[in-house]
Amino acid sequence: MFRRHPRAPGLVAVPELYERLREAIGDERPVALATVIEGHNAGAKLVVEPDGDITGTLGHPELDRIVSRDAVGELAAGRTGVRHYGAEGQARETDVSVFIESFSPPPIMLVFGAVDFTAALARAGKLLGFNVIVADARSVFATVKRFPMADRVMVAWPDEVFDAYGDRLGPHDAVCILTHDPKFDVPAVQRAVATDVGYIGVMGSRRTHATRLERLHEVGVDQKGIDRLMAPIGLDIGSRTPEETAVSVCAEIIANRAGHAAPSLRDSEGPIHRPPADG
Amino acid sequence: MKEILADLDAWRAEGRRVALARVVNVEGSGPRDPGAAMAVSDNGDVVGSVSGGCVEGAVVVEALDILESGERRMVSFGYSDDEAFAVGLTCGGTVHLFIEPLDW
């Protein structure tokens, strides 16, 4: 059995803390864990849910109230770090250091098009911790058998997929449109730019993209929307195989999210596939 | 900590005593961000990591000591050349860990 070590006097251990945390993470619900790491009651904990609901105590109701309020904010921003308080939650005091750890549900990667690049991208997306959803309207191609690594395979048109996931997309999520078929990728782009998704990559040659841009203008996608598209998709690292392309797409997603400069194909000119340089 | 939860569940189910070490703060260059976690069971099994492999050995020693004493504490590891630290990060940063028994 678990041997319990006494904590500071007056503080009762709350055995359901770990279970509460575990349950929320298992259900892919956002949750924060606040732990006193320095000061009175080191080790005391508070499990905080986005609605402000708390389990446990840091030892003082006022401290609990202030920390849970801060934890809700940190959780919304996806931040993890140490904050300092007075013993009763006072700001600008440092009696107590509290480590607030945010647990966010895994980010979403929507992949449109059950093509040969899709399996590699879905694998790479899983490697990065994405909840990967593969969608294609063609039931022959969109099968679990072809994409066993995906968390979900949908036989669906883009509208259906965005009806299901659009509201949940935010800065850490990604939409990758690999169909290069206008009847599929135009509606997918239309719906993607209407969300807050952080990354929208669209596959296809520069010529395909030029034609696509005309169609997007026709259906009313404005310049702000167009500017969000990473097309052609991926970094300009000379990738050729589906696996190499998947790496270039995932690297572009990371660079985008981090706001770091990396050589995107969108910002270069000339053929995507060039012969290797001599030497 | 997410990536070690399944292991923690298993250890708890077996009734093992466990120490949990979490990165709470990193100064300068560090390999893992706050939230990175590793855990050590009472028979010395280890899951997770808190650096690029630089300080894990020392964390196991601290963790077993904390399991023994039951006293949770902050432990910091800095640059290897600093005489104040026997082990440290080769990348030059300082990592602050909170290590405690998983008794909650």
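A:GLU23: closer than 17 Å to B:LYS2 by Cβ and either facing another protein chain (nearest Cβ under 9 Å) or open to solvent by 20 Å² or more (accessible area, probe 1.4 Å) (or both), yes or no?
Working: closer than 17 Å to B:LYS2 by Cβ: yes; either facing another protein chain (nearest Cβ under 9 Å) or open to solvent by 20 Å² or more (accessible area, probe 1.4 Å) (or both): yes.
So A:GLU23 fits the description; yes.
Can you confirm whether segment A:64-72 contains a residue that is crowded, with 16+ Cβ neighbours inside 10 Å and either within 14 Å of another protein chain (Cβ to nearest Cβ) or at pLDDT below 95 (or both)?
Among the residues of segment A:64-72, at least one is crowded, with 16+ Cβ neighbours inside 10 Å and either within 14 Å of another protein chain (Cβ to nearest Cβ) or at pLDDT below 95 (or both), which makes the answer yes.
Within segment B:9-22, take every residue that is open to solvent by less than 40 Å² (accessible area, probe 1.4 Å) and within 8 Å of another protein chain (Cβ to nearest Cβ) and give me the one that is nearest to A:VAL98 (Cα to Cα).
B:ARG22
Against the conditions (1) in a loop (DSSP other than H, G, I, E, B); (2) open to solvent by less than 10 Å² (accessible area, probe 1.4 Å); (3) farther than 23 Å from B:LEU8 by Cβ, where does A:ALA87 fall short? Just the number, please.
Answer for A:ALA87: the failing condition is (2).
Determine which member of the set A:GLY89, A:GLY113 is more than 14 Å from chain B (Cβ to nearest Cβ), within 30 Å of A:LEU63 (Cα to Cα) and touching an Asp or Glu at 6+ places or on another chain (Cβ under 8 Å).
Details: A:GLY113 fails: within 30 Å of A:LEU63 (Cα to Cα).
Going through A:GLY89, A:GLY113 in turn, the sole match is A:GLY89.
For segment B:23-56, which positions are closer than 24 Å to A:VAL36 by Cβ and within 11 Å of chain A (Cβ to nearest Cβ)?
B:VAL23, B:VAL24, B:ASN25, B:VAL26, B:ASP33, B:PRO34, B:GLY35, B:ALA36, B:ALA37
Taking A:VAL175, is it over 30 Å from A:GLY43 (Cα atoms) and open to solvent by 50 Å² or more (accessible area, probe 1.4 Å)? Steps first, answer last, please.
Working: over 30 Å from A:GLY43 (Cα atoms): yes; open to solvent by 50 Å² or more (accessible area, probe 1.4 Å): no.
Answer is no for this residue.
Could you list all residues from segment A:107-124 that are in a helix (DSSP H, G or I) and not small (Gly, Ala, Ser)?
Here is the first cut: in segment A:107-124, the ones in a helix (DSSP H, G or I) are A:116-124.
If the condition is that a residue be in a helix (DSSP H, G or I) and not small (Gly, Ala, Ser), then A:ASP116, A:PHE117, A:THR118, A:LEU121, A:ARG123 are the ones that fit.
Regarding segment A:240-256, can at least one residue be identified that is part of a loop (DSSP other than H, G, I, E, B) and of a type in the set (Asp, Glu)?
Within segment A:240-256 (the criterion being part of a loop (DSSP other than H, G, I, E, B) and of a type in the set (Asp, Glu)), the answer is no, since none of the residues qualifies.
Has segment A:158-167 got at least one residue that is β-branched (Val, Ile, Thr) and part of a helix (DSSP H, G or I)? Give the steps one after another, and end with the answer.
First, the residues of segment A:158-167 that are β-branched (Val, Ile, Thr): A:161.
Add one more test, that the residue is part of a helix (DSSP H, G or I), and what stays is A:161.
Looking through segment A:158-167, at least one residue is β-branched (Val, Ile, Thr) and part of a helix (DSSP H, G or I).
The values are calculated or read from the model by the stated rules, or taken from the named source; none is laboratory data. As the structure is a computational prediction, the values presented were derived from the model and not from experiment. With ideal geometry, Cβ positions are generated from the backbone for all residues, glycine too; neighbour counts draw on all protein chains shown. The accessibility values were calculated without ligands, DNA or RNA, using every heavy atom of the protein model including side chains. Shrake-Rupley method; radii C 1.70, N 1.55, O 1.52, S 1.80 Å.
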